[in-house]
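Please read the structure below before turning to the comments.
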């Protein structure tokens with residue numbers, strides 16, 4: 001698998017219709033005057049967040065541990081309700097664009113004791129495109145195998161996810177997100193627990209997604225010298241979001 005290709009919007013199996021096409025001139029991701037709280041209503045994690053990510057771009061979201069990166073990604077994905085502001089995915093609220101968006105949580109948020117095989121987890125990314133009684137077909141299973149091979153997971157498809165290393169589990173989550181055929185990827189520290197070689201291959205894979213016109217927003221640690229340069233770097237600090245003028249590179 002040398003790259004990734006555009007696929008037509010899927011049918012929503014539960015509604016008998018396709019999700020809405022992107023609104024004219026709408027960015028894949030836009031956030032305006034966004035704020036979020038945790039616990040007390042007056043305890044704001046961040047506020048006045050304004051962010052836009054264009055088609056075919058890679059944006060890093062950086063900040064110290066506890067700065068609110070995970071909370072921001074969850075709000076953008078529609079998993080948490082903002083205290084204020086507005087989120088738009090392709091011109092619509094997140095719940096209307098769920099089929100176009102793939103959210104990758106941190107590995108620690110997954111129950112890795114669940115009795116499921118590695119390939120079944122990757123294929124679960126396709127369930128959003130199927131009805132209650134439909135299952136992924138031969139073509140989708142072959143594609144899942146190619147994605148796993150690209151991410152260095154070939155030969156592990158029949159293993160239980162609990163039997164995989166931390167790095168293999170992290171790559172498995174990436175493979176599941178790619179299997180969904182989303183147009184927008186929200187990734188929470190996708191290279192966590194990966195060694196240098198696996199990290200480099202992961203970012204090459206993400207770069208292929210960008211070249212295929214996908215939009216990626218990834219929470220990352222401070223990037224060093226390497227070969228993968230983002231289009232934009234946003235810093236979340238003290239509840240505010242600011243753009244770094246000179247994006248760095250991810251380690252290769």
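The values are calculated or read from the model by the stated rules, or taken from the named source; none is laboratory data. As the structure is a prediction and not an experimental result, all values here were calculated from the model. Heads up, the Cβs are rebuilt from the backbone with ideal geometry, glycines too, and the neighbour counts pull from every protein chain shown.
Among the strands (runs of 3 or more DSSP E) lying completely within the stretch 1-79, list those that include at least 3 residues that are within 15 Å of the chain's Cα centre (by Cα) and either modelled with pLDDT of 95 or more or closer than 28 Å to residue 107 by Cβ (or both). It comes to 58-62. Considering 166, 223, the condition of being closer than 22 Å to residue 105 by Cβ, modelled with pLDDT under 85, more than 17 Å from the chain's Cα centre (by Cα) and surrounded by 17 or more Cβ atoms within 10 Å (Cβ to Cβ) is satisfied by 223 alone.
Elements of the type strands (runs of 3 or more DSSP E) sitting completely within the stretch 146-230 and holding at least 1 residues that are more than 24 Å from residue 74 (Cβ to Cβ) and either in contact with a helix residue (DSSP H, G or I) (Cβ under 7 Å, 6 or more places away or on another chain) or without any contact (Cβ under 8 Å) to a residue 24 or more places away in the chain (or both): these cover 226-228.
For residue 142, the conditions (1) closer than 25 Å to residue 52 by Cα; (2) over 16 Å from the mean Cα position of the chain (by Cα); (3) in a helix (DSSP H, G or I) are fulfilled apart from (1). If you take the residues in the stretch 114-133 that are free of Cβ contacts under 8 Å to residues at least 12 places away in the same chain and out of contact with any helix residue (DSSP H, G or I) (no Cβ under 9 Å at 6 or more places or on another chain), which one is surrounded by the most Cβ atoms within 10 Å (Cβ to Cβ)? Among those residues, the one meeting the criterion is 127.
If you check 105, 136 for being free of Cβ contacts under 8 Å to residues at least 24 places away in the same chain, surrounded by 14 or more Cβ atoms within 10 Å (Cβ to Cβ) and in contact with a helix residue (DSSP H, G or I) (Cβ under 8 Å, 6 or more places away or on another chain), only one passes: 136.
Filtered by the rule that a residue be farther than 13 Å from residue 188 by Cα and either surrounded by fewer than 19 Cβ atoms within 10 Å (Cβ to Cβ) or out of contact with any strand residue (DSSP E or B) (no Cβ under 6 Å at 6 or more places or on another chain) (or both), the stretch 67-83 gives 78, 79, 80, 81, 83.
Consider the stretch 96-119 and keep the residues that are part of a strand (DSSP E or B) and within 17 Å of the chain's Cα centre (by Cα). The one that is nearest to residue 188 (Cα to Cα) is 104.
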